[in-house]
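The numbers here are math on the coordinates, done by the rules we state, and not lab data. Everything quoted here is computed from the prediction, not taken from an experiment. Glycine gets a Cβ as well: all are built from the backbone with ideal geometry, and neighbour counts include every protein chain shown.
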Amino acid sequence: MENKGRIPFYYGKQKVYEWEQNLEEIIIYIQAPDCVLEKNKEIIRRQLKPGQKMPKLDIKITPTHLTVGLKDLPPYLSEDFSQNVKASESLWTLEDGEIVITLEKAIKGDTWMSVFKGQEKINPLQKEEIQKKMLLERFQEENHGFDFSDAQINGNVPDPKTFMGGLKYS
């Protein structure tokens with residue numbers, strides 16, 4: 001179930017997460033463990049031994065690091081970001097069986113080459129497509145009332161953060 005725009009990251013043949021980005025955010029999608037899904041709660045509850053608690057997600061976001069796991073167990077994802085985020089403006093939700101982690105970029109308009117340090121970087125074609133999307137997003141943001149949804153960018157794609165005098169921060 002790969003969605004257009006999402007970039008998958010695999011460890012061996014196992015998909016660990018998918019991610020995408022826009023001008024302001026990095027969004028990470030992780031398949032949630034079955035034990036935290038609402039549809040399985042009653043089954044899990046019946047299997048608990050006396051004194052055991054229902055499994056709960058334990059997700060921590062700092063400006064430089066993400067940890068994802070179940071409470072009272074070692075995390076199954078613990079990685080340093082490739083760039084900093086605004087932790088206080090980042091959040092996570094559980095939606096349709098996926099953990100959706102929305103990270104606010106510390107520097108608006110930066111094009112991230114990977115979510116985490118030491119992991120595979122996007123290729124030049126992916127980078128160009130992301131920068132096109134972000135540039136159109138920037139144009140839309142700066143020119144309210146105009147519709148850029150059908151606009152196309154041809155040739156070399158400029159950096160959306162620095163193009164034409166750079167981003168205007170509000």
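A few comments on the model shown:
- Centre-to-centre, using Cα atoms only, segment 28-47 and segment 49-96 are separated by 16 Å.
- Estimated from the Cβ-Cβ distance and a Förster radius of 35 angstrom, the FRET efficiency linking residue 77 and residue 46 is about 0.75.
- The alpha-carbon atoms of segment 78-122 define a convex hull whose volume equals 104 cubic angstrom per residue.
- Footprinting exposure proxy ranking of 90, 78, fewest other C-beta atoms within 10 angstrom first, gives 78, 90.
- Length-normalised contact order of segment 30-148 in % [C-alpha pairs under 8 Å, at least 6 apart]: 17
- Cα Rg, Dmax (largest Cα-Cα span) when computed across segment 5-147, Å: 17.6, 61
- In this structure, residue 94 and residue 126 have a Cβ-Cβ separation that, at R0 = 25 Å, corresponds to a calculated FRET efficiency of about 0.35.
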